[in-house]
Amino acid sequence: MKDETIKSEAELGKVLKGRRNELQITQKELADYCNLSHNGISQIEVGGKSIRLSTLLKLGKILGFKVVLKMED
C-alpha cells in the first residue's frame, strides 16, 4: 500500500472501501470488528459520516494501514 494524503472524508471513504475490497472483507465483517453497524461502515465509505480517531485506528489494524499525522508547512 502506498503513502496517501487524505484531504476529505470522501477520499478517506474511497480508500477504505478499496482496501476492504482488496482484502475481500465484507462491510458486515468490518462493522462487527469495529463495533459499528453495517450502515455505519457504508456511510463512512461514501464520505457521509465523520469518523472517530479510535475507529480509524481499528480500521487500520484490520485493513493493514497506519495513521500518520503530519504538520503542514
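Read-outs: derived from the displayed coordinates by stated rules, not from any lab. What you see is a predicted model, and the numbers here were worked out from it, not measured in a lab. Cβ atoms come from the backbone with ideal geometry, glycine included; neighbour counts cover every protein chain shown.
Structure values in brief
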{"read-out": "Potential extension, E11-K70 segment - 0.36 nm per residue separation minus Cα distance", "value": "19.5 nm"}
{"read-out": "Charge dipole (debye, nearest 20) of the chain; +1 at Cβ of Lys and Arg, -1 at Cβ of Asp and Glu", "value": "180 debye"}
{"read-out": "Convex hull per residue volume in Å³, alpha carbons only, for the chain", "value": "84 Å³"}
{"read-out": "Extension reserve of the K58-K28 stretch, reckoned as 0.36 nm per residue once the Cα distance is removed", "value": "9.3 nm"}
{"read-out": "Sparsely packed GluC sites (Glu not before Pro) within the stretch 4-73, loop by DSSP, other Cβ within 10 Å at most 16", "value": "E4, E72"}
{"read-out": "Segment D3-N39, length gained on full extension (0.36 nm per residue, minus Cα span)", "value": "10.2 nm"}
{"read-out": "Set of lysines with alpha-carbon distance to K28 below 18 Å, sequence-local pairs under 8 removed", "value": "K14, K17, K49, K58, K61"}
{"read-out": "Percent RCO, i.e. relative contact order, over the chain, from Cα pairs under 8 Å lying at least 6 residues apart", "value": "33 percent"}
